[in-house]
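Report on the structure given below.
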Amino acid sequence: MKSLASNIAKAAACAVFTSFLGLGIFFAFWAYAYRLPRTAPISIDVRTGSGGRAFLLCAGLANNPHGYPGHCYIVWDRSAPERLHNAESDGFVPASIGELLPSMYTDVRGIMADHAVIGNTRNFDYIVVRLDEETYKKARAVRQRFVSDPTFHTGVRDCVAYVDEIAAVAGLKRPARGFVYPHDYLTRLKKLNQSN
C-alpha cells in the first residue's frame, strides 16, 4: 500500500514539475518572440478616388509589466505614427483586469478603451489604411456596435476581433480568426494585403 501511495505521489510531483516546466518554456518563448521587431509597416490604399481619410491598424505589447498577451487597436485619422499620444485611438478590452482570465472560457463584460495607444506602443507594429470617406464612416460604426454589445470573449470577440471587423469594412483580405496574438494577427494581415 505504501509503495502505491509513494508511486502516486511521485507521479503527481512529476506532473506538476512538467506543467511548470512547460509553462516556463512557453512564457520564456513568448517573452523572447514578442519583443522582437516583426515586419516593416505597410500602407494600403483602398480609395477609389482622391481625398478620403486614414487610420492605423496597430499591435503592441499590452500595458502591463510583461506586455502579455499584447493588444490590437485603432488609431483614427492618422496616416503616419508621429505624435500618437495625441491621436484618437481605441481598442476593445475586458472591463477589469480580473476578468481577463475568465474571458478565456466564458463571456465577460468588455469596454471600449479610449486612448488605447497609451502604454501599448512597446514593440509597436502597424498598417496604414487610406480609404474613402463613406467607407471610413462605416469603419467608425464598428466601434458603436462593440459599445452597444459589450460582450468580450478572448479569441471570439476581443481586441483582435474589433480590428478584424474594421479591416473587413475597409475591404482588406483577412486571415482566419480564432485565438491569435495581436502581433501574429497583424503580421498575417500584412502578408495577405502586401500587394495592395
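The values are calculated or read from the model by the stated rules, or taken from the named source; none is laboratory data. Just so we're clear, the structure is a prediction, and the values are computed from it rather than from any experiment. Neighbour counts are summed over all protein chains in view; Cβ atoms, including those assigned to glycine, are modelled from backbone coordinates with ideal geometry.
In table form, for the structure just shown:
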{"read-out": "Residue in region 32-81 that is surrounded by the fewest Cβ atoms within 10 Å (Cβ to Cβ), counting only those that are β-branched (V, I, T) and at pLDDT 90 or above", "value": "V46"}
{"read-out": "Any hit, region 149-159, residues being touching a helix residue (DSSP H, G or I) at 6+ places or on another chain (Cβ under 7 Å) and part of a loop (DSSP other than H, G, I, E, B)", "value": "yes"}
{"read-out": "R122 being surrounded by fewer than 16 Cβ atoms within 10 Å (Cβ to Cβ) and outside any loop (DSSP other than H, G, I, E, B)", "value": "no"}
{"read-out": "Options V156, V128, V142, V163; residue that is of a type in the set (A, V, I, L, M), modelled with pLDDT of 90 or more and farther than 21 Å from D77 by Cβ", "value": "V156"}
{"read-out": "Selected residue [in the same structural domain as Y181 (by TED's automatic domain parsing), of a type in the set (A, V, I, L, M, F, W, C), buried (at least 18 other Cβ atoms within 10 Å of the Cβ) and over 13 Å from the mean Cα position of the chain (by Cα)] from A116, A95, A139", "value": "A139"}
{"read-out": "Qualifying residue in region 170-179 (condition: modelled with pLDDT of 95 or more, closer than 15 Å to D77 by Cα and among the aliphatic types (A, V, I, L, M))", "value": "yes"}
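To keep it simple, each residue is scored yes or no on (1) of a type outside the set (A, V, I, L, M); (2) over 20 Å from L61 (Cα atoms).
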{"residue": "H85", "(1), (2)": "yes, no"}
{"residue": "F92", "(1), (2)": "yes, no"}
{"residue": "L100", "(1), (2)": "no, no"}
{"residue": "R130", "(1), (2)": "yes, yes"}
{"residue": "E133", "(1), (2)": "yes, yes"}
{"residue": "R143", "(1), (2)": "yes, yes"}
{"residue": "C159", "(1), (2)": "yes, no"}
{"residue": "A176", "(1), (2)": "no, yes"}
